[in-house]
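I have placed the structure first, in the form of structure tokens, so that the comments after it can refer back to it.
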Amino acid sequence: MSGFYDLASLAKPLVTAPLALAFLDLDADRRWALGFHDREVPLTARQLLSHSSGLPPWRPFTGEPLAAQLRRPVPDHPLLRPATPGLATYSDLNYRLLAELVEAETRVPFRRLGAASGLSPAPWPEAPVVLPDAPDAEAWRLATDQPLPPRDPRLPQDANARAGMPGHAGFGVTAPQLEAALARWVAAGWPARMAVEAADGENGSRWGLGLQALFSGGGRFGQLLSRIPADLGLHVIEESTTELPPPAPSLDPEPDSLSGWWFHLGYTGPALFYRPADGTCVALLLHRSGPAGTMLDMEALRARRWQALSRFVGQFGG
């Protein structure tokens, strides 16, 4: 089992958001700089960080300017749907644009800037566990006539990331590497700056400037993490199994109160949790691969994360 993990969307809070907070004026209007000449309202880095820009969830990264790409109609698909008016809609495109802004501001390639985080930018010398194509491979074929990028085990899992989409993905780690990178991340104060309420989102979610508020309630990670004692510090939990996990507790359809934790998830399995009150940080490194190389569905992936977290919480009598 590979001890190297594709972080997928954890590149957003660990790489792109800190660079945006370091180099960008969060409230400057960037419509013209990004080519959105027909947009009637401002487009700011603050909106991009909190997913409140009104951009749809996804478009293939073909090298074409995003503003031009969005002018064309696309078929119905969950990844290609419009944003929900008035609510933050989680979108990879927000972080694609943040990467463009950071590169323009610094005149340094995004991959080089991101490497300063201590994470490994793709292409990687060691390949993570291979997964089947993700839903964006299907959406790619619906949204463009350009061929799907060829698969390479040393490049990120997502089809758009295989094509080189900066800001959204493209970094991987071993467990010791992540622990060192997270120590620098917390010490620099980045998660504390991200864990501030900035926008109400779809399905009752609340977004900060790079992290999402975690709710309590039955079957929710916030309820489980609330048992972790104060001032625990930093912990990286590695779970390398591909066996099917036991089911997680049933998920209450409606969230309860805010738990005091903030989080981000990666499509390929890893997860990151942060508690601003005491700076406690817990990261999960696990793969989404199931038996015989199949890909876990969302519920089975929740169960694998729950199993790893509950085992960790149990060490403290929780």
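Every number here is computed from the coordinates shown, using simple stated rules; none is lab data. Owing to the predicted nature of the structure, the values given are computational and were not obtained by experimental measurement. Every residue, glycine as well, gets a Cβ built from its backbone with ideal geometry; the counts of neighbours run over all protein chains shown.
Quick notes
- Scaled to the globular estimate 2.2 N^0.38 Å, the Cα spread of the chain, given as radius of gyration, is 0.95.
- Debye-formula intensities of the range 53-96, expressed as log10 I(q)/I(0) at q = 0.21, 0.29, 0.30, 0.31 Å⁻¹, are -0.67, -1.23, -1.29, -1.34 (one equal scatterer per alpha-carbon, no solvent).
- Note on the range 5-171: along the principal axes its Cα atoms extend 45, 38, 25 Å, ordered by decreasing extent.
- Sequence ranges 63-73, 187-197, ranked by mean other-Cβ count within 10 angstrom, highest first: 187-197, 63-73
- Dimensions in Å of the range 1-56 - Rg and Dmax from alpha carbons: 14.6, 50
- Whole-angstrom gap from the range 283-309 to the range 5-48, using each part's C-alpha centre: 30 Å
- Annotation for Val196 and Gln315: the two label points, set 7 Å from Cα along the Cα-Cβ direction, are 3.3 nm apart.
- Tail beyond 20 Å, pair distance distribution of the range 173-314 (Cα, percent): 47 percent
- DSSP bridge pairs, the chain: antiparallel proportion in percent, nearest 5: 75 percent
- Ranked by the mean number of other Cβ atoms within 10 Å of their residues, highest first, the peptides 256-267, 223-234 come out as 256-267, 223-234.
- DSSP-loop GluC sites (Glu not before Pro) across the range 100-165, with at most 13 other Cβ within 10 angstrom: Glu126
- If you take the alpha carbon atoms of the range 101-196 and fit the smallest convex hull around them, that volume is 146 Å³ per residue.
- Cβ crowding within 10 Å averaged over residues, with 242-250, 285-293 ranked highest first: 285-293, 242-250
- Whether the range 85-132 is rounded, prolate or oblate, judged on the alpha carbon gyration tensor where a/c under 1.5 counts as rounded: oblate
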